[in-house]
């Protein structure tokens, strides 16, 4: 265990020392994955899938706030859809702008959440986000989480809508827009996912705020259990029993990933808990102090000894001593 703690301290010290360089690199990699995911899901315009363009907007996202990355992702998505269906792109732009304004108004710094959820849906582990946000954020994180879920299901609807043959007649246009709106508002799977993810965030948030020992670890397990039970009921109601096994495995993997993140972020030593009581003119306080686990990384100092120089110095010292003795005897004579 000591070696694991030392490794954690080395990782934290390395990040703190080079965070100026590591943060843009991490943002660049994340943006690259996000834009490549958009190109894979709705990449209708081959020009936007060109490597220089993807690298250029990823590099721009690496040195700008997350809200800019979300705006660029919305722009790229709209351009892809416009290439295949200009009429459909109008509806998509309106929906994306509503979500973007809602996100920017309340949680402008959590743009990575909105983009990460569609990516993790493709990896079958979207449960990582609500479990992690309940652990490190506040219930306001439900907004970008819900927006991310809506974006993912919107892309799935668009992939079906672009196959519809639409002429310039008013009836066809109304039919297309009606299909998108009905598919989005009547998507029970999407609505249940938004509700369950929000419930996971709330459960973890309120449990980890309690003062009993191992509240953080227990809250992670409680969030995972909430996810499994919630989606189990949801899939049974929606006749999606074939997805239950992958959901359980994805939730277990998500719990493990979040616990690893929590280990590197915060580790508490509950064996050293202290309780203190004090008062002021207005209140009487009961304080519970839990120390963090800290390990001093051993410092290894290696000294280089030059054997040749050492030998020369020893020889020179001998010569001086012999010379001194000779002079001393000479003076006696």
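Brief remarks follow.
- When residue 56 is tested against (1) free of Cβ contacts under 8 Å to residues at least 12 places away in the same chain; (2) farther than 18 Å from residue 114 by Cβ; (3) within 21 Å of the chain's Cα centre (by Cα), only condition (3) is not met.
- Number of residues in segment 184-227 that are in a helix (DSSP H, G or I) and more than 25 Å from residue 265 (Cα to Cα): the value is 11.
- Inspection of segment 234-243 finds a residue satisfying the criterion of being surrounded by 15 or more Cβ atoms within 10 Å (Cβ to Cβ), in contact with a helix residue (DSSP H, G or I) (Cβ under 8 Å, 6 or more places away or on another chain), under 27 Å from residue 141 (Cα atoms) and free of Cβ contacts under 8 Å to residues at least 40 places away in the same chain.
- Some residue of segment 153-166 being assigned to a loop (DSSP other than H, G, I, E, B) and without any contact (Cβ under 8 Å) to a residue 12 or more places away in the chain: yes
- Test: residue in segment 104-124 that is more than 15 Å from the chain's Cα centre (by Cα), assigned to a helix (DSSP H, G or I), surrounded by fewer than 20 Cβ atoms within 10 Å (Cβ to Cβ) and free of Cβ contacts under 8 Å to residues at least 24 places away in the same chain: yes
- Residue in segment 89-100 that is more than 23 Å from residue 161 (Cβ to Cβ), out of contact with any strand residue (DSSP E or B) (no Cβ under 9 Å at 6 or more places or on another chain) and surrounded by fewer than 21 Cβ atoms within 10 Å (Cβ to Cβ) present: no
- Residue match in segment 81-96 (condition: under 24 Å from the mean Cα position of the chain (by Cα) and modelled with pLDDT under 95): yes
- Scan of segment 232-264 for residues that are modelled with pLDDT of 95 or more and under 14 Å from residue 129 (Cβ atoms), ordered by number: 250, 251, 253, 254, 255, 257, 258
- Boolean, residue 30 is surrounded by 15 or more Cβ atoms within 10 Å (Cβ to Cβ) and modelled with pLDDT of 95 or more: yes
- Index of the failed condition, residue 267 passing every other in (1) surrounded by 13 or more Cβ atoms within 10 Å (Cβ to Cβ); (2) at pLDDT 95 or above: (2)
- Every residue from segment 1-28 that is within 23 Å of residue 68 (Cβ to Cβ) and in contact (Cβ under 8 Å) with a residue 24 or more places away in the chain: 24, 25, 27, 28
The values are calculated or read from the model by the stated rules, or taken from the named source; none is laboratory data. As the structure is a computational prediction, the values presented were derived from the model and not from experiment. Quick reminder, even Gly has a Cβ in these numbers, built from the backbone with ideal geometry, and neighbours come from all protein chains shown.
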